[in-house]
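The values are calculated or read from the model by the stated rules, or taken from the named source; none is laboratory data. The shown structure was predicted, so the numbers you read here are calculated from the model rather than taken from an experiment. Because the Cβ atoms are built from the backbone with ideal geometry, glycine has one as well, and the counts that use them run over all protein chains shown. Quick note on the areas: whole protein, heavy atoms, side chains included, nothing else; ligands and nucleic acids left out. Shrake-Rupley method; radii C 1.70, N 1.55, O 1.52, S 1.80 Å.
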Amino acid sequence: MSEPIQIAVVGSGYVGLVAAVCFAEIGHQVVCVDNDQGKVAALESGDVLIHEKHLPELLKRYHNNGIRFTTDLHEAAGGSEAIFIAVGTPQSETGDADLSYVEAVACEIARSLTSYKVIVEKSTVPVYTNEWIGRAIERNGVARRLFDVVSNPEFLREGTAVEDFLHPDRIVVGADSEAAATLLAAIYAPLTSGAYYSRPQAISGCCSASQPPPLLNTSTKSAEIIKHASNAFLALKISFINAVSNLCEATDANIEQVARGIGLDRRIGPRFLRPGIGYGGSCFPKDVAAFRSVAEQLGIDFNLLTEIEKINAQQKKRFLAKVRSALWTLRGKRIGVLGLAFKGETDDIRESPAIDLVQMLLAEGCSVAAYDPAAMERSQQALPASAQLRYVEDAYAAARDADALLVLTDWAEFAALDLKRLAGALRYPIVVDGRNLFDPRLMQEHGFTYISVGRPAVYPAREVELAAAGTV
Ligand code: UDX
Ligand code: UDX
């Protein structure tokens with residue numbers, strides 16, 4: 001592998017920590033900086049903090065042997081050739097990205113610049129942020145020749161972040177200077193040359209020595225737009241399929257068949273066509289809003305983005321309406337909830353539609369027993385347990401004596417539940433599935449009333465017979 005490069009990663013959240021560990025995995029020397037002392041202390045003591053496949057073993061392998069943690073940005077930046085900024089860019093009240101953390105970090109980096117460094121924006125930021133970072137550093141008295149600012153957006157998904165980082169569809173490097181582009185190319189060379197994939201211990205995925213990922217060089221502004229446009233397009237795909245699933249429900253068609261029929265067209269592709277209860281997470285909601293805000297500020301009519309958000313919000317309300325129509329009234333009903341994370345295989349509850357739905361159910365006067373394989377602790381912090389809300393130890397406990405069971409997160413663990421045991425635990429065998437985890441025919445065979453998304457509802461065979469005889 002090529003020469004190790006000294007890298008600082010500022011921000012050890014979902015993106016920063018994964019990037020830092022993966023840079024160590026491809027042979028670089030990394031220092032990970034965070035201004036949260038508790039987080040740094042936890043990482044120092046070997047606590048991984050987030051639920052992410054491969055992260056514990058990689059962190060263990062490289063701790064103090066490729067990666068170290070500190071709160072001292074000045075020291076970390078001073079000793080590095082490239083400084084990646086991966087602090088959060090939350091949504092402000094107006095929908096804009098709040099860039100105050102990025103600005104604070106840029107100003108602090110400026111105080112450490114005595115020799116040439118490349119500053120890399122890894123956080124998702126609106127177009128022109130690159131220029132603002134440059135200006136902020138210059139305003140702090142640093143000569144332009146001492147630094148370049150590069151945009152290198154990250155496309156990793158939570159839950160599969162390590163694999164996504166090491167096996168990307170593409171690496172985008174937005175650089176307006178050759179020196180900076182060359183350094184970034186060297187950092188990613190173990191991936192783009194294919195060398196990493198020949199290593200015996202390499203994390204496996206879709207790239208290989210013969211099919212390494214491409215590196216796309218662009219201008220800084222193009223790279224910034226690529227990130228926002230990619231997330232907005234994926235959100236569009238989800239809202240589109242959710243709208244089509246509503247059409248399927250109104251016509252007794254089946255969204256699984258429709259999505260397959262659409263997705264087999266190679267121009268469309270099969271991925272991100274799973275209907276559900278709307279997208280959530282730390283990226284799509286905030287990035288669609290930020291992209292809309294960028295368009296507004298530039299005087300560009302991009303109402304499509306508003307429609308994506310509208311459909312997404314409606315999808316949660318539609319799901320609640322399904323629960324209501326299955327149970328007739330909601331006040332006083334006991335509801336079992338499976339899943340609190342914004343999607344399966346993660347402990348993240350940021351902008352989770354599952355959490356929103358639990359809040360809606362509580363507001364309707366239901367009592368809720370909720371279970372999630374990894375997101376219980378975070379959920380309890382955001383939504384403390386109360387007389388109306390209990391957190392329980394497993395899926396069967398959530399189902400116990402409930403008037404209905406709701407599936408809100410697509411955990412693989414839920415798809416493998418023992419249906420007989422589940423039916424036995426429920427007071428009434430009613431499942432409203434917001435993630436289409438179960439086969440409707442199998443649910444019917446197990447005696448469930450089963451309502452899912454974009455597929456005809458099924459009822460227990462006995463109820464169907466009675467309905468045909470006109471008894472119910
Ligand atoms: C990332 C990206 O940075 C964001 O732009 C993208 O859209 C989503 O993913 P994420 O890693 O999920 O954010 O954020 P978070 O988990 O909040 O981590 C940010 C880290 O930066 C935190 O550990 C925080 O303590 C740290 N931080 C924040 C600093 O070290 N310095 C600051 O000034 C602010
Ligand atoms: C996303 C992008 O995929 C990633 O490229 C970017 O770097 C960060 O944002 P992430 O938020 O981790 O990643 O999750 P993702 O798997 O994209 O799912 C986002 C949301 O969309 C989840 O709530 C998920 O349940 C939902 N979703 C996804 C659907 O409802 N249907 C789908 O077909 C796919």
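Annotations for the structure displayed:
- Residue list for the range 258-278, filter: more than 9 Å from ligand 2 (Cβ to nearest atom) and surrounded by fewer than 18 Cβ atoms within 10 Å (Cβ to Cβ): R260, G261, I262, G263, L264, D265, R266, R267, I268, G269, P270
- No other residue among Y391, Y428, Y396 is at pLDDT 95 or above, over 33 Å from the mean Cα position of the chain (by Cα), among the hydroxyl-bearing types (S, T, Y) and surrounded by fewer than 22 Cβ atoms within 10 Å (Cβ to Cβ) apart from Y428.
- Top-ranked residue in the range 14-33 [being open to solvent by 20 Å² or more (accessible area, probe 1.4 Å) and more than 21 Å from the chain's Cα centre (by Cα); ranked as farthest from A189 (Cα to Cα)]: Q29
- Of the residues in the range 174-192, not one is assigned to a loop (DSSP other than H, G, I, E, B) and within 16 Å of ligand 1 (Cβ to nearest atom).
- Across the range 245-257, the qualifying residues are those that are open to solvent by less than 30 Å² (accessible area, probe 1.4 Å) and within 24 Å of the chain's Cα centre (by Cα), and the one among them that is farthest from ligand 1 (Cβ to nearest atom) is I255.
- Residue that is farthest from ligand 2 (Cβ to nearest atom), among those in the range 281-294 that are touching a Phe, Trp or Tyr at 6+ places or on another chain (Cβ under 8 Å) and open to solvent by 10 Å² or more (accessible area, probe 1.4 Å): R292
- Residue within the range 272-294 that is over 24 Å from the mean Cα position of the chain (by Cα), free of Cβ contacts under 8 Å to residues at least 40 places away in the same chain and not in a helix (DSSP H, G or I) present: no
Condition check ((1) away from ligand 2 (no atom under 16 Å from the Cβ); (2) buried (at least 17 other Cβ atoms within 10 Å of the Cβ)) across all residues:
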| site | (1), (2) |
| --- | --- |
| L191 | yes, yes |
| S219 | yes, no |
| F233 | no, no |
| I238 | no, yes |
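- Top-ranked residue in the range 332-371 [being hydroxyl-bearing (S, T, Y) and open to solvent by less than 10 Å² (accessible area, probe 1.4 Å); ranked as nearest to A416 (Cα to Cα)]: T346
- Test result for E345, touching a helix residue (DSSP H, G or I) at 6+ places or on another chain (Cβ under 8 Å), closer than 18 Å to Y279 by Cα and modelled with pLDDT under 95: yes
- Count - residues of the range 329-370 that are of a type in the set (S, T, N, Q), out of contact with any strand residue (DSSP E or B) (no Cβ under 8 Å at 6 or more places or on another chain) and farther than 30 Å from Y14 by Cα: 1
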